[in-house]
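S.K.: Here it is, the structure, as structure tokens.
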Amino acid sequence: MKVSKGELIRKIDNYSIEKLGIPSIILMENAALGVIKHLMLNEMEYYVVICGRGNNGGDGFAVARHLITSGKKVSVFSIGLNPMSKDCGINHDILCNMGVKITNISNVEDIEFLRDSILRSDVVVDGIFGIGLHREIRGVYDLAITVINETSKKTISIDVPSGFSCDTGKVLGNCIKASKTITFETYKNGFLNYGSHEYTGEVVIEKIGIPDFVVDKFHNKEFFLERKFIQKKTKERAKYSHKGNFGHVVVIAGSEGMTGAATITTKSVVKTGAGLTTLVSCEEALQGVRNFVPEAMWKKKGDYQGIENLIKKVNCIAIGPGLGNSSETLDNLKKVLKSNVGTIVIDADAINVLEGKTHLLKESKADIIITPHPGEMARLTGMEIKEIQSDRMEIAKKFAREHGVIMVLKGYNTIITNGEVSYINPTGNGSMANGGMGDCLTGIIASLCAQGYSAMDASCIGVYAHGECGDKVSEHKFVVTATDIIDNISETIKELT
């Protein structure tokens, strides 16, 4: 599933119209038909359709026509005094020629009539503003949106909720709170941001007749992960495999007072299927692993020669969980980055010690996966968390590109990117919001790397499976812990093969 900003959609539309010769009114008609599919015609009888003066309004007028010809009761409203776009005007005039009354909203009295109509209706269709809105909403538009939010039983938005920035996810003064948003061709970048679901509701993508090669021509390689994609990437185990086929992971994690992170990460590596797993840590953490992860091997952190020999032989190193933000952690990270290991997964305190020292990432020959949450990302970049959250995709891509790493920017709709190709993960939920989840994810990704997956594929599969496992467990649990994920991750990955 492709993700894009509004400018890309405009380029796609213009190419389709100008180069391919697809009339814009045909694209508008296809958009309206895509919306109609989601208006519950078998259940609902009375619709209110409110249309702006641009092409989003034109979609709305076309939707109203299809509702009327389906025998539904429809109240149609037009809002604003600006001239209509050409195609909007065509669909407006068709309704007028059909004898349909269209009420124009221009003052407070009109707003009260809109309120009364909405109170009697089953569904409101929002076609006021589309992806082209960049200004703050004021005046009669502000009043209309407030009335819709206060009185509508169910609101369906066309393309984007009116008042919602397609690119940034910001609310431009006021915004429709939709039950469902029917968007076209691609998932919009603004839908990725924290809090966007409050306005978009469920998001559904409909094709409107634009050939895939046109979308691909302009698309900037940003995708929403889908289960079929992950299933194609996830490999079954050969019948005659042995532990040597599935790699060796070294976990460098844990310190006095923070031993749980080491146990969680190590057990996660084992349960995800690495052939061999070794924890390097303090005695207190090693004791926890000896007690709870008997399948894992271990080395005490003071055994410098033994550790140096060990990391020469392994496939992947996971470093950071529970290590502490200290000079010792930085020294360990530097040694790991200079090693010849295939892949390094950097998390937690191994990220924190990189503050002001991200140049160290460029000096390593390994494939590096770095897994910050927004707070860690803010420290890495010197930016505010709020700034990170406002444009997560571009900030993640820029860091990955500049430092030659795979960036896994965790959180709602986790982003996985190498700076050129980017994926957004849809799985996971609020029940998973507790300590240890990041440590668990680090172990899953490291284990997949050791088993032979590329750094990008391991990141995508790991993030998706981690979230899907949490989704399944949350169906019967209020809170999902890292232990819950570890106990169920093997089954989840098996289902993905």
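S.K.: Are there strands (runs of 3 or more DSSP E) fully within the stretch 120-187 with at least 3 residues that are aliphatic (A, V, I, L, M)? List them.
M.R.: Fully inside the stretch 120-187 and qualifying: 123-127.
S.K.: Taking the options 239, 271, 233, name whichever one is closer than 21 Å to residue 491 by Cα, in contact with a Leu (Cβ under 9 Å, 6 or more places away or on another chain), outside the structural domain of residue 25 (by TED's automatic domain parsing) and among the charged types (D, E, K, R).
M.R.: Every option except 233 fails the conditions.
S.K.: Answer yes or no as to whether residue 310 is under 16 Å from residue 346 (Cα atoms), in the same structural domain as residue 340 (by TED's automatic domain parsing) and either in contact with a strand residue (DSSP E or B) (Cβ under 8 Å, 6 or more places away or on another chain) or surrounded by 13 or more Cβ atoms within 10 Å (Cβ to Cβ) (or both). Break it down into steps so the answer makes sense when it comes.
M.R.: Numbers: under 16 Å from residue 346 (Cα atoms): no; in the same structural domain as residue 340 (by TED's automatic domain parsing): yes; either in contact with a strand residue (DSSP E or B) (Cβ under 8 Å, 6 or more places away or on another chain) or surrounded by 13 or more Cβ atoms within 10 Å (Cβ to Cβ) (or both): yes.
No.
S.K.: If you don't mind, there's one more thing I want to ask. What number of residues within the stretch 33-59 are in contact (Cβ under 8 Å) with a residue 12 or more places away in the chain and either over 19 Å from residue 122 (Cβ atoms) or among the polar types (S, T, N, Q) (or both)?
M.R.: Within the stretch 33-59, residues that are in contact (Cβ under 8 Å) with a residue 12 or more places away in the chain and either over 19 Å from residue 122 (Cβ atoms) or among the polar types (S, T, N, Q) (or both) number 10.
S.K.: Would you mind stating whether residue 235 is in a loop (DSSP other than H, G, I, E, B) and touching a Ser or Thr at 6+ places or on another chain (Cβ under 9 Å)? Step through it out loud before you land on a result.
M.R.: Values: in a loop (DSSP other than H, G, I, E, B): yes; touching a Ser or Thr at 6+ places or on another chain (Cβ under 9 Å): yes.
Criteria met by residue 235.
S.K.: Mind listing whichever residues of the stretch 246-269 are in contact (Cβ under 8 Å) with a residue 40 or more places away in the chain and surrounded by fewer than 24 Cβ atoms within 10 Å (Cβ to Cβ)?
M.R.: The answer is 246, 248, 255, 258, 259, 260.
S.K.: How about the stretch 1-118: which strands (runs of 3 or more DSSP E) wholly inside it have at least 3 residues that are surrounded by 14 or more Cβ atoms within 10 Å (Cβ to Cβ), out of contact with any strand residue (DSSP E or B) (no Cβ under 6 Å at 6 or more places or on another chain) and not assigned by TED's automatic domain parsing to the domain that holds residue 413?
M.R.: Fully inside the stretch 1-118 and qualifying: nothing.
S.K.: Filter the stretch 353-394 for residues that are closer than 16 Å to residue 418 by Cα and either in contact with a Ser or Thr (Cβ under 8 Å, 6 or more places away or on another chain) or aromatic (Phe, Trp, Tyr) (or both); which is modelled with the lowest pLDDT?
M.R.: Filtering first and then ranking leaves 393.
S.K.: Please report, ordered by residue number, the strands (runs of 3 or more DSSP E) entirely within the stretch 405-497 with at least 3 residues that are in contact with a helix residue (DSSP H, G or I) (Cβ under 6 Å, 6 or more places away or on another chain) and not hydroxyl-bearing (Ser, Thr, Tyr).
M.R.: On the way: elements: 406-409, 415-417, 422-424.
Strands (runs of 3 or more DSSP E) meeting the threshold: 406-409.
S.K.: Got a sec? Which helices (runs of 4 or more DSSP H) wholly within the stretch 344-398 have at least 3 residues that are out of contact with any helix residue (DSSP H, G or I) (no Cβ under 7 Å at 6 or more places or on another chain) and assigned by TED's automatic domain parsing to the domain that holds residue 250?
M.R.: Hits in the stretch 344-398: 385-390.
S.K.: Is it true that some residue in the stretch 274-292 is of a type in the set (S, T, N, Q) and touching a Lys or Arg at 6+ places or on another chain (Cβ under 8 Å)?
M.R.: The answer is yes, given that some residue of the stretch 274-292 is of a type in the set (S, T, N, Q) and touching a Lys or Arg at 6+ places or on another chain (Cβ under 8 Å).
S.K.: To continue, here is another question. Looking at the stretch 211-230, is at least one residue more than 18 Å from the chain's Cα centre (by Cα), assigned to a loop (DSSP other than H, G, I, E, B) and closer than 21 Å to residue 16 by Cβ?
M.R.: Yes.
S.K.: Moving on to the next point. Please verify whether the stretch 165-181 includes one or more residues that are buried (at least 21 other Cβ atoms within 10 Å of the Cβ), touching a Cys at 6+ places or on another chain (Cβ under 6 Å) and either at pLDDT 95 or above or in the same structural domain as residue 16 (by TED's automatic domain parsing) (or both).
M.R.: The answer is no, given that none of the residues of the stretch 165-181 is buried (at least 21 other Cβ atoms within 10 Å of the Cβ), touching a Cys at 6+ places or on another chain (Cβ under 6 Å) and either at pLDDT 95 or above or in the same structural domain as residue 16 (by TED's automatic domain parsing) (or both).
S.K.: Within the stretch 452-477, which residues are within 23 Å of residue 312 (Cα to Cα) and in contact with a Ser or Thr (Cβ under 8 Å, 6 or more places away or on another chain)?
M.R.: Correct list: 455, 458.
The values are calculated or read from the model by the stated rules, or taken from the named source; none is laboratory data. This is a predicted model, so every value here is computed, not measured. A quick note on method: Cβ atoms are made from the backbone with ideal geometry, for glycine too, and the neighbour counts reach across all protein chains shown.
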